[in-house]
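Worksheet: the structure to be examined is printed underneath.
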Amino acid sequence: MPTTDTGPRELRWMAWLNGHLHAFWQPAHADGDPASAMRVARLEAENETWEELPSGPPGASIGFVLGEQVFIEPPFSDETVNVIFDGRTERWTEIPDMPALPGRSNLFAGVIGRDTAVFNHPSGAAFDLDERRWVQIRDLYEDSTKDLGTFAAAGRGLFAYGGLQWRASEDPRLGKPINEAWMWQPPPP
């Protein structure tokens, strides 16, 4: 990785974008500090050197790669960091804030592309990259609490199966297994 900055740093993730390896990192333990901006560099394979690219916002935490773009998940704090790093242009672009959703479903669920998607939760809000808007994924069991079952992207949609369900007033250990599968499809592009 580049050695232009001093002190410890935390490698957040790496992504293959536009034919190059990109590394995303931040200075260690610098949350909230303007100097903690998300840094990115591209590996130049021909001469085995890193070229540092424009820095992103401070406070970003997790990235999801979809095609040639990296979506930066907002951190769990009062700060709002909603940006995309485009591997084709190697620039950062702000996107609208995630909407407040009712109840327990106020979660970042994933990112949807033209033909594919990436999910990290089976309910909440997912960002549609093509439409540049958030779409809600309603929880199949909105009146109860559940542990996550298994879920995966299926094209642009979300396929989910199983889990453990209980009422908020119940002990989670008394939950009943969910032996159902369901599929969510985003609005067409």
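So which of 155, 113 ends up being modelled with pLDDT of 85 or more and on the phi > 0 side of the Ramachandran plot?
From the options 155, 113, the qualifying one is 155.
Quick one: how many residues across the stretch 68-89 are modelled with pLDDT of 70 or more and either in contact with a strand residue (DSSP E or B) (Cβ under 7 Å, 6 or more places away or on another chain) or hydrophobic (A, V, I, L, M, F, W, C) (or both)?
The number of residues fulfilling the criteria is 11.
Among the residues of the stretch 90-110 satisfying the criterion of being modelled with pLDDT under 75 and of a type in the set (A, V, I, L, M, F, W, C), which is nearest to residue 158 (Cα to Cα)?
107
The values are calculated or read from the model by the stated rules, or taken from the named source; none is laboratory data. Please read all numbers here as calculations on a predicted model, not as lab measurements. All Cβ positions, glycine included, derive from the backbone under ideal geometry; neighbour counts span all protein chains shown.
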